[in-house]
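The values are calculated or read from the model by the stated rules, or taken from the named source; none is laboratory data. The model shown is predicted, which means the values in this text are computed figures rather than measured ones. Glycine gets a Cβ as well: all are built from the backbone with ideal geometry, and neighbour counts include every protein chain shown. Surface accessibility is based on the protein's heavy atoms, side chains included, excluding ligands, DNA and RNA. Shrake-Rupley method; radii C 1.70, N 1.55, O 1.52, S 1.80 Å.
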Number of protein chains: 2
Amino acid sequence: MTDFLAQRDSWSTANCSIARALEVVGNRTTLLLLREASFGTRRFDDFARRVGVSEPVAAARLKQLVADGLLDRRPYREPGQRTRDEYVLTAKGRDLLPVLVALRQWGDAYAADEVGPSVLVTHHDCGADVRARLRCDAGHDVPADELAVLPGPGLRPS
Amino acid sequence: MTDFLAQRDSWSTANCSIARALEVVGNRTTLLLLREASFGTRRFDDFARRVGVSEPVAAARLKQLVADGLLDRRPYREPGQRTRDEYVLTAKGRDLLPVLVALRQWGDAYAADEVGPSVLVTHHDCGADVRARLRCDAGHDVPADELAVLPGPGLRPS
DNA sequence: TAGCTGGCTTTTGTTTCCCTAAGTCAGCGC
DNA sequence: GCGCTGACTTAGGGAAACAAAAGCCAGCTA
């Protein structure tokens, strides 16, 4: 980490994966729409109402999420209803679930109601609470102070 | 999940932990400043330059992060230099690391350079890559399709 | 004590995000 | 074929976030 920090100024943040991810989801409304999609919401006006956002904004953000490949838009038909479009998470969108779980976990710990969180996320198979944990590929749980940051192959001089 | 969705409209998102977390960190610059803090950056102008943000914005966001308890501001002194203030992560701020790791992971997978990510996060003790994983308290790894969402104690009627 | 440097603040202007209110359009039920 | 409903789009405007440029101030160094 010390070595890393010493050469920290030799490269730019142009290739930072966090910054790039935030260009796609770095905005409140987008993440809340993904929350709703993960809850199973599919219809346009449900998204707008449940997220608490106006229709023009919901339309613009949903369109962008489809363009970015996080949501899939496809026609569906309920009996006795006309054909509609629904929005469902793609694999790319589902892969953001750890971000949402980690945010919820932090919010539960530091910004929740006194009575507790409004939503519980559990493991469907066993009923236990689900958390986002840092683990290394060798299988260890990794506390924050055991993280090391190193320059990677995509490092660019600034 | 189906039961949950059926009653989804009976409560509001006023007590959503994700929304509350996003009121603190739901903005690109704030998360990038926390990224820098997690890399070990401490000085004001290093934050501004490395995040790529103007000084007024860096000053405002850092002040807010201190007010929110994610960063601690304290005086320090390098030999031969005058006293300065530095910004270091608090426990509350460190608890956001899973969010940053999850974002980086997603960015590495879907938005990284062809040559690879610019930064590697590893376990200091064993050198293996670190990831944010969903795990339940019973110890199982939880894939996205095994998540269940249930109403919690802080649920509010809308 | 005069200058230099780090760490901000002030000013001004632009862009992005979001709102409300109203309008459009397609298709099903009647 | 007429209205209704769901799914948007258009128009107009306010607030927040950001940038560039410049100024201020404290405390070392000389």
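Counts of other chain beta carbons within 10 angstrom of each beta carbon in peptide A:43-52 average 2.
Taking amide hydrogens as placed 1.01 Å from N in the peptide plane, the amide H of residue A:142 sits under 5 Å from those of A:134, A:135, A:136, each at least 5 positions away in sequence or on another chain.
In the full protein context, chain A carries 47 Å² of accessible surface per residue, based on a 1.4 Å probe and ignoring ligands, DNA and RNA.
Based on alpha-carbon centroids, what's the gap between segment B:114-143 and segment B:56-87 in Å, whole number please? Each part reduced to its Cα centre gives a spacing of 30 Å.
Peptide B:84-95 has a mean shielding of 1, counted as Cβ atoms of other protein chains within 10 Å of each residue's Cβ. Across peptide A:22-29, the average count of Cβ atoms from other chains found within 10 Å of a residue's Cβ is 5. Computed over chain A, the convex hull of the alpha-carbon atoms projects to a mean area of 13.8 nm². Per-peptide packing, taken as the mean over residues of other Cβ atoms within 10 Å, places B:100-106, A:109-115 in the sequence B:100-106, A:109-115 from highest down. Buried area at the B:A interface is about 8300 square angstrom, summed over both chains, from accessible surfaces computed with a 1.4 angstrom probe.
Here the spin labels are modelled as points 7 Å beyond Cα on the Cα-Cβ line, and at residue B:72 and residue A:43 they lie 5.2 nm apart. Here the label points at residue B:90 and residue A:109, each 7 Å from Cα along the C-beta direction, are separated by 1.3 nm in the simple model.
Put a plus charge on the Cβ of each Lys and Arg, a minus charge on the Cβ of each Asp and Glu, and nothing anywhere else: the dipole of the protein assembly as shown about its Cα centre is then about 860 debye.
Using a Gaussian network model of chain B whose springs link C-alpha atoms within less than 10 Å, name the residue from B:38, B:17, B:118 with the highest mean-square fluctuation. Greatest mean-square fluctuation among the candidates belongs to B:118.
Near residue A:69: Cβ cut-off under 15 Å, other residues only, Lys/Arg at +1 and Asp/Glu at -1. The net charge is +3.
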